[in-house]
């Protein structure tokens, strides 16, 4: 259920409310001094008799109106907004974690604009086609790192995606197994979110790489993921025949080994096929990459909790309007009783 909540666009303006107790203190000092001055002139009852039109109550009411009006104007200046706080709703969707290879071999340009550039395009297109799904991003080279925890904030995924590349990791290599293990641990672990014995398939890992695995046992990691009901889809980027790797994006200079020979990177399709097969997934070559969403659509959409925020409506006009009304009423209150007012016994002392 939505819960009412008030926020302020400019909370710092609320510091202006500190003037209220200051004015109140000055008023009390002034009132006490006024009483002392009146008592210095003579007997209180005699003074009241000599000034029948004077109204101490009107004086007090004018002060209350001014104080209340100023307080409301300060609150209005702070920009109060009334709406509803976030709540959780149930929506059907899938959970997908992308494991993106950012090793130096992904700079190869056998796929245009490059392997890493094509991977970014693919992920961006995938995000655009998602609805009510959750997505996470892991990058890996010699080790694996969580770039974005699983989320439904698609804008953040696309924003971080633009900064991914080999320069974001310090340890080079291609640890596909470590990436799969990290992705498997990154799915929600709440008991209500876990699927019994993989009977409900709504989770998947998408590994985007050239398949040049140098560390760990990727196939064993894929088997463990499938034991938890997680399917793995692999996308191979590159030429199986091999191509040189640029020193930097767009550079004509090629990377070389210590002996001076040019480093050649080859797409390892066999490994990627075995990884996908171990987790009941599919291998998708780059020329059929559009079929990825078709494969993901085979996953079951299950109920997932999603946090929803309501829009806030501006409410400053009510505070400003009522504050100005109090100041207007204050201006209409006279410190002296008119004959008519005196007959009505208003502002009785």
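The values are calculated or read from the model by the stated rules, or taken from the named source; none is laboratory data. Here the structure is a predicted model, which means the values were calculated and not measured. All Cβ positions, glycine included, derive from the backbone under ideal geometry; neighbour counts span all protein chains shown.
Computed quantities for the displayed model
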| quantity | calculated |
| --- | --- |
| Residue list for region 281-296, filter: over 32 Å from the mean Cα position of the chain (by Cα) and surrounded by fewer than 16 Cβ atoms within 10 Å (Cβ to Cβ) | 287, 288 |
| Tally, over region 265-279, of residues that are touching a residue at least 60 places away in the same chain (Cβ under 8 Å) and in contact with a helix residue (DSSP H, G or I) (Cβ under 8 Å, 6 or more places away or on another chain) | 4 |
| Meets criteria (touching a strand residue (DSSP E or B) at 6+ places or on another chain (Cβ under 9 Å) and either more than 21 Å from residue 275 (Cα to Cα) or not in a helix (DSSP H, G or I) (or both)) for residue 184 | no |
| Residues of region 35-58 classified as assigned to a helix (DSSP H, G or I) and modelled with pLDDT under 70, total | 16 |
| Qualifying residue in region 249-264 (condition: at pLDDT below 95, more than 35 Å from the chain's Cα centre (by Cα) and part of a helix (DSSP H, G or I)) | no |
| Test: residue in region 216-239 that is surrounded by fewer than 24 Cβ atoms within 10 Å (Cβ to Cβ), under 15 Å from residue 103 (Cα atoms) and either modelled with pLDDT of 95 or more or touching a helix residue (DSSP H, G or I) at 6+ places or on another chain (Cβ under 8 Å) (or both) | no |
| Subset tally (residues that are closer than 19 Å to residue 203 by Cα and surrounded by fewer than 18 Cβ atoms within 10 Å (Cβ to Cβ)) for region 153-183 | 2 |
| Test: residue in region 95-115 that is touching a helix residue (DSSP H, G or I) at 6+ places or on another chain (Cβ under 8 Å) and farther than 14 Å from residue 237 by Cβ | yes |
| Residue match in region 75-93 (condition: within 30 Å of residue 285 (Cβ to Cβ) and modelled with pLDDT under 90) | yes |
| Filter result for residue 162 (farther than 24 Å from residue 299 by Cα, within 24 Å of the chain's Cα centre (by Cα) and at pLDDT below 95) | yes |
| Complete set of residues in region 118-152 that are under 19 Å from the mean Cα position of the chain (by Cα), under 15 Å from residue 101 (Cα atoms) and buried (at least 17 other Cβ atoms within 10 Å of the Cβ) | 136, 137, 138, 147, 148 |
| Some residue of region 266-275 being modelled with pLDDT under 90, out of contact with any strand residue (DSSP E or B) (no Cβ under 8 Å at 6 or more places or on another chain) and either over 26 Å from residue 129 (Cβ atoms) or surrounded by fewer than 16 Cβ atoms within 10 Å (Cβ to Cβ) (or both) | no |
